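Engineer: Could you have a look at this structure, given as structure tokens, before my questions?
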Amino acid sequence: MRTAYSVETVRAAERELMARLPEGALMQRAAAGLAAACADLLGRVYGSRVVLLVGSGDNGGDALYAGARLARRGAGVTAVLLAPGRTHPEGLTALLRAGGTTAAPDAAEPLLRRAGLVVDGIVGIGGKGGLRPDAARLAELAAASRAPVLAVDLPSGVEADTGEVLGDAVRADLTVTFGTHKPGLLVDPARGYAGSVHLVDIGLDLPEQADLEALQHADVAARLPRPGAASDKYRRGVVGIAAGSARYPGAAVLAVSGALRGGAGAVRYVGPAADAVIARFPETLVSGDGPAKAGRVQAWVVGPGIGDDASSVAEVLAADVPVLVDADALRLADRETVRARSAPTLMTPHAGEAAALLGVAREAVEEARLASVRELAGLYGATVLLKGATTLVAGPVGGPVRVNATGTAWLATAGSGDVLSGLAGSLLASGLSALDAGSVAAYLHGLAGRFAADGAPAGAHDVAAAVPEAWRDVTD
């Protein structure tokens, strides 16, 4: 499990560790890992040109000490000092003794034009707001150079705790972070500024409960349902799908396609698209009497393509089983009814739907995804899966937010969310918690999207067909 912790937690762990180490030892650990990453990125250190963008404080100190190590190996290292009077003194001394040089910001342009590597040590994890104009100018020049940009701990100008970008920020090709990931490295839009992320272990003793979690293959494999020798289709779980309409029968077909590949033993469909569903998936159990009379299920999915069928939404929400609420059902579901449910509820909005539920502009959700998913989960007393380039899953009573980044931009296609809903609903029926069902489904769905696309456009039906391949990839 990849984890991320808040700045406050990281700072506390650093203070505790520094109290047990000789003075400066922790920074030297960080600098050693940073210098090694710089060397890997350069390929050949001797004779290379490295430009450090150095602000005040420890972030700049890390860059200076790493620069000193590179200079001792024959690199030409120049530190552009944004705050000469507040530059980390020991780090600067180390760089100068190793043969490095310094420059003022107004002399940076030709240096950056000739650089083989730019190291962003402007602002550390405690920085707030976008870059100031002089730093923003350096970030612009670095982006215009041909050199790769390596950020120290996180790109300067992004918000470490939230993933927000509130102004100008450095765009890095690689971020070397220390001790643990920070939420901003995993959550959009800041994640898009970080490039690849390399974690350097500096020995921090961190709490068991993180602020963010990101499942890996082994974590997903451990949560997937597996039938036993005594299993039958009912013991494996039955998922009900209330979806589709005369206008959108395809939504029902796609939701069922995801559900059939999610581990449940049977899929029961209710709605006006029964003929289309049976024609495509004859193994589906079909009922024409509405959700309340459809027969026993272990979980429901309601909403994809359902239009204005508020009665089906109400019947599903009245069921004492886990329910996944998606698409049209998100606007039809009464908030207090959802809050009053005794069984788990999983809501799966995209940014526009989340914005409508929160009463804000879509841009407000996209700019503050972590805060938005937490707020929505609290308002509805439900687990919320906020879809996007990095899907977030938040529980109703706090705890770590799950973040998923297995997807591909090709998943931004009509019907992809319907497949995800069916898949997650099937996992709910198999017995997974709402948090696990949402995060495992997002992981498999994203992986299936990669396999289906393989560098080219793919339809939602292709994604559903690739779920078994994703499942096998995770469990092999």
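The values are calculated or read from the model by the stated rules, or taken from the named source; none is laboratory data. Note that this is a predicted model, so its numbers are computed, not measured. FYI the Cβ positions are ideal-geometry reconstructions off the backbone, even for glycines, and counts take in every protein chain you see. The protein model used for the area step is the full one, side chains on, heavy atoms only, and it has no ligands, DNA or RNA in it. Shrake-Rupley method; radii C 1.70, N 1.55, O 1.52, S 1.80 Å.
Engineer: Go through the range 94-106 and count every residue that is open to solvent by less than 40 Å² (accessible area, probe 1.4 Å) and within 18 Å of Ala139 (Cβ to Cβ).
Structural biologist: Total meeting the criteria: 1.
Engineer: Let me ask something else about it. Of all residues in the range 409-448, count the ones that are in contact (Cβ under 8 Å) with a residue 60 or more places away in the chain and of a type in the set (A, V, I, L, M, F, W, C).
Structural biologist: Adding up the residues that qualify gives 13.
Engineer: For the range 234-254, what are the residues that are part of a helix (DSSP H, G or I) and buried (at least 24 other Cβ atoms within 10 Å of the Cβ)?
Structural biologist: Answer for the range 234-254, where residues must be part of a helix (DSSP H, G or I) and buried (at least 24 other Cβ atoms within 10 Å of the Cβ): Ala251, Ala252, Val253, Leu254.
Engineer: Taking only the range 112-131 into account, find how many residues are at pLDDT 95 or above and surrounded by fewer than 18 Cβ atoms within 10 Å (Cβ to Cβ).
Structural biologist: The qualifying residues number 2.
Engineer: Moving on. Test Ala79 against the stated conditions and say whether it is part of a helix (DSSP H, G or I), within 28 Å of Arg11 (Cα to Cα) and open to solvent by less than 20 Å² (accessible area, probe 1.4 Å).
Structural biologist: Considered against the rule, which asks whether it is part of a helix (DSSP H, G or I), within 28 Å of Arg11 (Cα to Cα) and open to solvent by less than 20 Å² (accessible area, probe 1.4 Å), Ala79 comes out as no.
Engineer: Please enumerate the residues belonging to the range 311-326 that are buried (at least 22 other Cβ atoms within 10 Å of the Cβ), more than 28 Å from the chain's Cα centre (by Cα) and of a type in the set (A, V, I, L, M, F, W, C).
Structural biologist: Answer for the range 311-326, where residues must be buried (at least 22 other Cβ atoms within 10 Å of the Cβ), more than 28 Å from the chain's Cα centre (by Cα) and of a type in the set (A, V, I, L, M, F, W, C): Val313, Val316, Leu317.
Engineer: Give the residue that is nearest to the chain's Cα centre (by Cα), with candidates limited to residues of the range 342-363 that are open to solvent by 30 Å² or more (accessible area, probe 1.4 Å) and not aliphatic (A, V, I, L, M).
Structural biologist: Restricting to residues being open to solvent by 30 Å² or more (accessible area, probe 1.4 Å) and not aliphatic (A, V, I, L, M), the top hit is His350.
Engineer: Is there a residue being in contact with a strand residue (DSSP E or B) (Cβ under 6 Å, 6 or more places away or on another chain) and on the phi < 0 side of the Ramachandran plot anywhere in the range 10-29?
Structural biologist: No, the range 10-29 contains no residue that is in contact with a strand residue (DSSP E or B) (Cβ under 6 Å, 6 or more places away or on another chain) and on the phi < 0 side of the Ramachandran plot.
Engineer: Could you tell me whether the range 366-387 includes any residue that is open to solvent by 10 Å² or more (accessible area, probe 1.4 Å), in a loop (DSSP other than H, G, I, E, B) and in contact with a Leu (Cβ under 8 Å, 6 or more places away or on another chain)?
Structural biologist: yes
Engineer: Something else: Six or more apart or on different chains, Cβ under 9 Å: which pairs go from a residue in the range 51-69 that's farther than 19 Å from Arg132 by Cα to one that's of a type in the set (Asp, Glu) and crowded, with 24+ Cβ neighbours inside 10 Å? Could you list them?
Structural biologist: Filtered contacts from the range 51-69: Asp62/Asp153; Ala63/Asp120.
Engineer: Can you name the residue in the range 271-289 that is among the hydrophobic types (A, V, I, L, M, F, W, C) and more than 12 Å from Ala255 (Cβ to Cβ) and is also most open to solvent (accessible area, probe 1.4 Å) among such residues?
Structural biologist: Ala279
Engineer: Restricting the range 37-48 to residues that are within 21 Å of Gly195 (Cα to Cα) and touching a residue at least 24 places away in the same chain (Cβ under 8 Å), which is surrounded by the most Cβ atoms within 10 Å (Cβ to Cβ)?
Structural biologist: This residue is Cys38.
Engineer: Considering only the range 302-313, I want to know if a residue exists there that is among the hydrophobic types (A, V, I, L, M, F, W, C) and in a helix (DSSP H, G or I).
Structural biologist: Within the range 302-313, one or more residues are among the hydrophobic types (A, V, I, L, M, F, W, C) and in a helix (DSSP H, G or I).
Engineer: Still on this model: List pairs: first residue in the range 247-259 and farther than 23 Å from Pro225 by Cα, second residue surrounded by 24 or more Cβ atoms within 10 Å (Cβ to Cβ) and hydroxyl-bearing (Ser, Thr, Tyr) anywhere in the structure, Cβ distance under 9 angstrom, at least six positions apart or on different chains.
Structural biologist: Close Cβ pairs (under 9 Å, with a partner that is surrounded by 24 or more Cβ atoms within 10 Å (Cβ to Cβ) and hydroxyl-bearing (Ser, Thr, Tyr)) amount to Ala252/Tyr269.
Engineer: Please go through the range 150-186 and pick out each residue that is in a strand (DSSP E or B) and more than 14 Å from Gly130 (Cβ to Cβ).
Structural biologist: Scanning the range 150-186 gives Leu150, Ala151, Val152, Leu174, Thr175, Val176, Thr177, Phe178, His181.
Engineer: Residues of the range 449-464 being free of Cβ contacts under 8 Å to residues at least 24 places away in the same chain and either buried (at least 17 other Cβ atoms within 10 Å of the Cβ) or closer than 21 Å to Ala218 by Cβ (or both), which ones?
Structural biologist: Of everything in the range 449-464, those that are free of Cβ contacts under 8 Å to residues at least 24 places away in the same chain and either buried (at least 17 other Cβ atoms within 10 Å of the Cβ) or closer than 21 Å to Ala218 by Cβ (or both) turn out to be Phe451, Asp462.
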